[in-house]
Amino acid sequence: MSSPLRWLILLVILPLAVLTQAHGYVLRAIPADRSTLERPPTRLQYWFSEALEPRFSEIHLRDQSGAIIASGGVDERNPALLTMPAPADLPDGAYIVELRPAFASDGHVIAESRVFFVGEAVGGISGSAADDRAIPLEVFWRAALNLANFLFFGAASLYALTLLPAWGNARYRAYLPERVMRRLRGIIMGALLLAIAANMLALLQQTMVFFNTSAAQALEQNLWQVVLIGSRFGDVWVFRMVLLLFSGALLFAAAYYRELFPGLALGIWRGLPWLGALFIGLSMITSHAAGSLILPWLAIAVDWLHALAAAFWLGGLLSLTAILPTALGPLDAQTRRAALRAVLSRFSRMVAPLVLLLLVSGLYNALNFFFSPSDLVSSYGRSLLIKLLLVAPILLLGGWQRRSLPAGSLAKSLPMLRLEALLMLALLLTVAWLSATPLPEPAIPQAEVAAPQASQQVGDYSISLAILPGGPGVNTVDIVIKRAEQPVDELTLHLRLVAPERDRRSAWQLAEAVDVGLYVAVGDDIDRAGKWWSLVNITDADGGVTRAAFEWEISAAAAIQVSRPPNPLHLLSLLGIAGLLVYLVAPLARRFIVALQLTVASALIALAAIGISMAVMVGGALMIAQRQQEYERTLNPPPAVVNNVLPDADSLARGRSLYDAHCAAWQDQPQDLERLLKRLPNARDEFLYAAAQDGWRDLPACADELTASQRWHIVNFLRSKERRD
């Protein structure tokens, strides 16, 4: 039972973790907050640190009187981008941008506003920062859900790791005395019911936030159904509910078949902690850790360990407090004292290293989100301080109780356990408050690099193009077309991005017409810094095509930075976590080694086999990486000759003239010429250059007296004949 559950945890947690982050924030804004622009922007763009819910995210532009003059939403190709076209020819003045992003990971909606000015700055107008306070209703359901998860995991782990080894015997086999099992079943079933109720409340609260409405309206208008089927929050919610019902069915089966199939019942009870770990893991992938700027995968793993240690301590303590009176009540004083000492001693021995794991992993988690002293005075920092203030008395109380354990009795130990449990419930409420509080926005150093912009006149058209933000990664290309100073619509624009030094080019992309004269394309084709060309083909209503070409020097500094490297304190914390994990699994490893009955010779062979296996794995990984690089170089080797002639309208015209004058014989071989043109989408420029210089199949070489520059004009002309499906 437990082995399949281990695989279930991996299959669920790992795919979801890569998709989610938590509590996003603006990484880059165009225009920047409180910036003064000489001319109106063509488009407003706000990049966030994580994906947004398209149905529930909004952006509005207001003038300085407060009237909404334009609205937008999430970009279709980049789910982390809120964007909208700006109205043409905005007059000078102040403008307010209202942002209401709904983050896909945890459903948090943050409302804030930013200001920019056209012409000159205007006094008395400012934006509003996002509210970083937690929502009380969210704190309530998060606390209830955490309590349910901790009780489920803590009670199930208490049974498998503490009660059964301390009190079990051959008579009861998989079970403890029925009065104890009945109390355990009640605790776990109560945890399942509490989790279901918390989930229902979470769906209601999330609906209220997404639609900015009241609970009554969310229920009366069935808005919760939209959240359920149209958001990532709904996907996780449905999965969690199915898993809760499945756990309830398992618990019922274990009780129903306890006499007929005790082995099955034992397997189910031993598997319940793995299900509890899965419940906690589902919370981790939508926690703050998933939004860490420093190795988010590792942050999720550490946060999971942190939560599991806390769940065993808190859930186990609450369960033990509820079980002890029932379990020990019928026993005589001497037997009761021995049984109490046996279970508390075992529980304390397991909790002690887990407390250290909590402290070290908590330090690692804090280092992921606090980068400056100002972060400590944020709402999140204050909530964390309250949590730490509650941890101190709990640790002191637990240490004192463990020290007085040998002389303890049920009458003395139970009140102390209850006091410790009460303090931990208060701590759990603080943890929920912390989870519902947005993180302090990290100060990620972003280079202030102006977005590349250029304009040119081609025929009757005045063409302006801007690449935003103008660095490697996802970029938006804004194209403004005017004729006689008037925006022109009813045009069809196709965009291609070319890296000439690598002889690589993107597919032709249709630019979307978002406003009169404004056309927009979004893509991640610019994958590195360096020299790039953007080619624009403008097709009018009569089918005439006009070519515009722009040359850029893309700067790596303009890339949006979304990560930070770990610092030495992170590494020290990880070493501490690794040491504690080794300590925790050492007893299991010792029992495994004893069971193998190793001799000196077999131990040396085992160590040699492990060393050789690790060397093979490391060497294999390095070899695979090297082969991958070689394969990439084989597929896309650096060109032997580089096209340094920008394929603009002038180059195409010169290339056509040169082709007609010096490659006329190609027209006598229509079949080979057609084959050559069909290869254009996948052919490199150096291949076309070689065809013009040396010929190809039955196509003869063009005239020998052509210069290299002239041959590149011919190549550009041939490339213009590429068909677009």
Note to self: C-alpha centroids of segment 231-290 and segment 484-543 sit apart, in Å, by 52
Across 10 Å bins beginning at 0, the whole-percent shares of Cα-Cα pair distances in segment 646-725 come to 20, 58, 21, 0
The orientation-averaged projected area of the Cα convex hull of segment 477-567, in nm², is 7.9
Reported to the nearest 10 Å², T492 has, with a 1.4 Å probe, an accessible area equal to 60
For segment 505-575, the accessible surface attributable to carbon and sulfur atoms (probe 1.4 angstrom, ligands and nucleic acids excluded) amounts in percent to 55
The answer for segment 637-725, accessible area per residue at 1.4 Å probe in Å², is 53
Ranking I268, I96 from most to least accessible area with a 1.4 Å probe gives I96, I268
In Å², rounded to a whole number, the accessible area per residue of segment 36-75 with probe 1.4 Å is 44
Note to self: with every protein chain in place and a 1.4 Å probe, segment 227-270 gives an accessible area per residue in Å² of 52
Straight-line reach check, K531, cutoff 14 Å on alpha carbons, 8 or more apart in-chain or any other chain, hits among aspartates and glutamates -> E501, D503, E551, E553
Heavy-atom accessible area of R349, protein chains in place, probe 1.4 angstrom, given in Å² to nearest 10, is 130
Probe 1.4 Å, all chains present, heavy atoms only: E178 accessible area in Å², nearest 10, is 70
So the carbon and sulfur contribution to the accessible area of segment 215-359, 1.4 Å probe, in percent, is 68
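The values are calculated or read from the model by the stated rules, or taken from the named source; none is laboratory data. Here the structure is a predicted model, which means the values were calculated and not measured. What goes into the accessible areas is simple: the full protein's heavy atoms, side chains included, and nothing from ligands, DNA or RNA. Shrake-Rupley method; radii C 1.70, N 1.55, O 1.52, S 1.80 Å.
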